[in-house]
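> Dropping a structure here in structure tokens format, bear with me for questions.
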Amino acid sequence: MEWLLWFSKPENTKPLALIIFFVTFMGIVIYVYGSKKRSQKLESYREIPFLDDETGTKDKQ
């Protein structure tokens, strides 16, 4: 059980947390931009908030 004491020291857990977060971030970036098809699909989603505003103004006129 002494290996659990290793996690109680901040000088050990901070670099470990940094590595975990960095690997997670890189995994997300590779997932999003790894495939051109997926990348194009996700890029098309960025216009969704503006599409709602355009239809709302047309209905009011």
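The values are calculated or read from the model by the stated rules, or taken from the named source; none is laboratory data. From a predicted model like this one, the values you see are computed outputs, not experimental measurements. Here Cβ is always computed from backbone atoms with ideal geometry, including for glycine, and neighbour counts include all displayed protein chains.
> When region 21-54 is examined, which residues are found to be β-branched (Val, Ile, Thr), surrounded by 10 or more Cβ atoms within 10 Å (Cβ to Cβ) and either more than 14 Å from the chain's Cα centre (by Cα) or at pLDDT below 85 (or both)?
If the condition is that a residue be β-branched (Val, Ile, Thr), surrounded by 10 or more Cβ atoms within 10 Å (Cβ to Cβ) and either more than 14 Å from the chain's Cα centre (by Cα) or at pLDDT below 85 (or both), then VAL32 is the only one that fits.
> When you scan region 1-47, how many residues do you find that are outside any helix (DSSP H, G or I) and touching a helix residue (DSSP H, G or I) at 6+ places or on another chain (Cβ under 6 Å)?
So in region 1-47, the residues outside any helix (DSSP H, G or I) come out as 1, 7-9, 34-35.
Cutting the leftovers down to touching a helix residue (DSSP H, G or I) at 6+ places or on another chain (Cβ under 6 Å) gives us 7.
Number satisfying all stated conditions: 1.
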